[in-house]
Amino acid sequence: MKRVVPTGKLIFERTSFLNENEKHLQCILTHSFNSSIGVFLPEHDCVPRILGDMMDDQMSYYVEQVPLNLLTETDFIKGFVQAGSLCMISYGTCIDSDDCVAVTPEGMLVMSLCKDTYQRCGLDGHLSKAGKNIEKFVVKVDLKSDKFYPGTKYYDRVQWCLSQMANFDFLVTWIPNDGKVCPSSIQNFFKTKSIQCNRLKVNKTNHEFKNFNIPIIDPAVIETDSEQKSCNYDEVFEWLGACAVGIDDYEGDDYLSTYSCPTPNKQASYCIYTQYEGIIHPSIVKQYINYLRQFMKDKKLPWSSVTVHGFVDSPLSWIYDHGFHNNGDNIYTFLMFPNDEYWLYRAIGGQDICP
Amino acid sequence: MELYCTLPKSVKDPSDQHKKKKKGNETINDFLTEFLPNKRIKTGENSLKDKVLMLDSVRQKWEKPLKTKCRNSLSAKDRRRFKVFDIEQGEHRFNDYIPLHKMWQEYMMASLDIKRYNLPNPGPKKENNERLLKADYHGCMITVRKTKCPSLLGQSGIVLMETKNTFKIVTKDNKLKILPKMNSLFSFTIKEFVFTIHGSQFCSKSSMRVRKKFKFKGSADL
Amino acid sequence: MYQKIVTKGSTDYCYLKIRLDFGKDHDAIIDALNFKQLILSAAKDVFGIAVSCSLIDVLRYEKSSRTAVIRIYHKYLTKLWSSLTMYGNINGAPCAFRILQVSSHLMALANNSRSMKLHMVYDG
């Protein structure tokens, strides 16, 4: 039997928010490029307003035709890269066929280039490790480095090489370190350089469920065999995905779909799934999750879940090279319980490296 | 051994002792003692009975024939010894070679017949490629446009020497750089036209290029 | 307290998001049952009854855009995908199945950043 290439990998972790290592922070903050965040609340009919406001207040922009050497200029680095947390990702470029450029909050300019562009670029890089036989090269430039300033050979070389490359469209979000500075100063900066920069609105989608079966989940029990008092972790993840997609209720009609809620389950009168799409900064995700933990305890919900989808075309998934085989998943889901325990699912594509 | 000299006098002279009749062996012994070299007699080899002395078709010691050097060029060994083709670092100025570059440009324009490019019917391009292949590039202002080695990209200068696998150039800041031809793409401009050379296909000495027929080596990918 | 399980092998199921497109002049309203029938006939035409009798669940179907999310066994992914690609016409009307997303995680189909539409706020 021929070995089948996996189309996806799933990493499941079960631990607590109060754990010393704080792995949840590591997961949230190193996942830099988030394209959507979705929350599922069982036994509740609406998402708290504060969370909606948090999303709407976020400043994110769409910038067109940025020349890459602008990102290495001193006033850009001092004003934005070092003075805050900047997230930029190129828009409209596919990771498996085009060149993709991104700037991480740690100040690293990451470019995933095709063979032809890499040979014309002149900067040193390595072959992408996301999958075998992929001819893409990853070039990284540390913008926050002490040695990266005008006058050095390396800086001049980087400037010259980037000026030879084409312009890209970017999705940008920036959070300044200093609370007094307004995030819209980045929009003003681009406007002074006569580059088109428009503010983005976050898209919102809702799926409401009434008289819906929800699985019974026990945080201590992951896999059950015979006496099923709670559901398996993989069934729960599939079911959460089904709610996120907005599954139709075909219970009883076997022809169309044989899928049903995993057993054991109970009925809930209301459930809601809300999803926000755009470019979302990782620190906002952190605030969101912290607020939701408190909300869950206040409203005495049995559990709640937050799912964050990463950009399919981002050059990095967590800290490793990202590729697109037949999907470019880099998703994580927190399934949180009132006793501060959580289940963390991380779903990645078949060729990517496990974080 | 002298075969063609005159007979010795004692033979011609009738009053010679040897002509007197003696006993057979005595005549021969006397003859030999008179005419053999002294060395042979001194060693006490009086009886030459068992000795074999080759008198006919004696093999001469073979001497190597003198090699007549018909080559007009120096061998690689001599080249290294005399350091004829070494270019010293730091001793060449870019500005000194600009007249060479201008001369080369005129040569190239004439050889490629650039005037006809601007005409509506430029003519067949195959002919053009052959001329480019057989041309001499000493004095050409060459730039690396695409390469597998990122540090080589962007290097440009006037070609001082072309070897089988490299171009030796002098850059604008008077530095001597050696650019390997393999895995690189070079370009040069004449007036407003840009010409590209695929280095991997071009690896041969400039003198050999004139005679060699070029075969397309696989793909134009580096 | 801390537990970690990594699944690297092929997962059991595979999920596809597909859309049925018609030619320029043709348009038809297709409901969920018809859609499932079309998928089965496409599979049967190319690969026979074996593939069409395997698990094909239509988890969600949108009539207006003719988009569906389906669940199949992982081992039949290439077969079903190719049979959907080859399906050319319905009763003479030219049509095509567009595969929008493929994943072994159903959660991934909730969002597609490639087809994300940007809603911009234009300042004066």
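No value in this document is a laboratory result; all are computed from the given coordinates. What you are looking at is a predicted structure, and each value in this text was computed from that prediction instead of being measured. Methodologically, a virtual Cβ is constructed for each residue, glycine included, from the backbone with ideal geometry; neighbour enumeration extends over all protein chains shown.
Under the rule a/c < 1.5 gives rounded, and otherwise a/b versus b/c splits prolate from oblate, where does region A:1-153 land using the Cα gyration tensor?
In terms of gyration-tensor shape, oblate.
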Next item on the list: Report the longest stretch of chain C that contains none of the chymotrypsin sites (Phe, Trp or Tyr not before Pro) sitting in a DSSP loop with at most 10 other Cβ atoms within 10 Å.
Entry: C:3-121
Next item on the list: Could you compute the FRET efficiency for residue C:50 and residue C:96, with r as their C-beta to C-beta distance and R0 at 35 Å, rounded to 0.05?
Entry: 0.90
Next item on the list: Could you tell me which of the pairs A:129/C:8; A:78/A:153; A:140/A:201 are separated by over 25 angstrom between their Cα atoms in the structure shown?
Entry: A:140/A:201
Checklist line | Model label zone, residue B:93; criterion: amide N under 20 Å from point 7 Å along Cα-to-beta-carbon; scope region B:146-169 | finding: B:157-161, B:169
Notebook entry, point to check: Between rounded, prolate and oblate, where does region A:259-334 land on the alpha carbon gyration tensor, with a ≥ b ≥ c its root eigenvalues, rounded for a/c under 1.5, else prolate if a/b exceeds b/c?
Noted result: oblate
Note to self: I'd like the FRET efficiency for residue C:63 and residue A:193, computed as 1/(1 + (r/R0)^6) with the beta carbon distance as r and R0 of 41 Å, rounded to 0.05.
What the structure shows: 0.30
Item checked: Simple spin-label estimate for residue A:159 and residue A:182 in nanometres, 7 Å along Cα-Cβ -> 3.2 nm
Item checked: Loop-resident sites, region B:126-197, for GluC sites (Glu not before Pro), counting at most 14 other Cβ within 10 Å (DSSP) -> B:192
Next item on the list: Sort out for me the Cα centre separation of region A:28-87 from region A:166-239, rounded to whole Å.
Entry: 10 Å
Next item on the list: Please give every one of the lysines within straight-line cross-link reach of residue B:64, meaning a C-alpha to C-alpha distance under 27 Å, and leave out same-chain neighbours fewer than 8 residues apart.
Entry: B:77
Next item on the list: Please give, to one decimal in nm, the separation of the simple spin-label points placed at residue A:18 and residue B:129, each 7 Å out from Cα toward the Cβ.
Entry: 7.6 nm
Check: Of A:229/C:79; A:286/C:117; A:23/A:266, which pairs sit farther than 28 Å apart, going by alpha carbon to alpha carbon?
Finding: A:229/C:79; A:23/A:266
Note to self: Explain nothing, just compute: Karplus ³J(HN,Hα) = 6.51 cos²θ - 1.76 cosθ + 1.60, θ = phi - 60°, for every residue of region B:152-160 in order, whole Hz, x for Gly and Pro.
What the structure shows: 7, 5, x, 5, 8, x, 8, 6, 9
Notebook entry, point to check: What is the distance, in nm, between label points placed 7 Å from the Cα along the Cα-to-Cβ direction at residue B:78 and at residue A:339?
Noted result: 9.5 nm
Check: Leaving out same-chain residues fewer than 8 places away, which aspartates and glutamates sit with a Cα under 15 Å from that of residue B:213?
Finding: B:127, B:130
Check: In region C:14-54, which trypsin sites (Lys or Arg not before Pro) fall in coil by DSSP and have 10 or fewer other Cβ atoms within 10 Å?
Finding: C:24
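For region B:181-222, rounded, prolate or oblate, judged on the Cα gyration tensor with a ≥ b ≥ c (square roots of eigenvalues), a/c < 1.5 rounded, else prolate if a/b > b/c? List each step's numbers first, then the result.
Numbers: a/c = 2.07, a/b = 1.27, b/c = 1.63.
The shape class here is oblate.
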Next item on the list: Let me know the longest stretch in chain A that avoids all GluC sites (Glu not before Pro) found in a DSSP loop with at most 15 other C-beta atoms within 10 Å.
Entry: A:252-355
Next item on the list: Report, by chain and number, residues whose modeled amide H sits under 5 Å from the one on residue A:91, excluding near sequence neighbours (fewer than 5 apart, same chain).
Entry: A:169, A:170, A:171
Check: R0 = 22 Å: FRET efficiency of residue B:213 with residue B:136, Cβ-based, nearest 0.05?
Finding: 0.75
Note to self: Students often forget the sequence filter, so: which aspartates and glutamates lie under 16 Å Cα-Cα from residue A:193 once same-chain residues fewer than 8 apart are removed?
What the structure shows: A:64, A:73, A:75, A:169
Check: When Cβ neighbours within 10 Å are restricted to other protein chains, what is their mean count per residue of peptide A:237-248?
Finding: 6
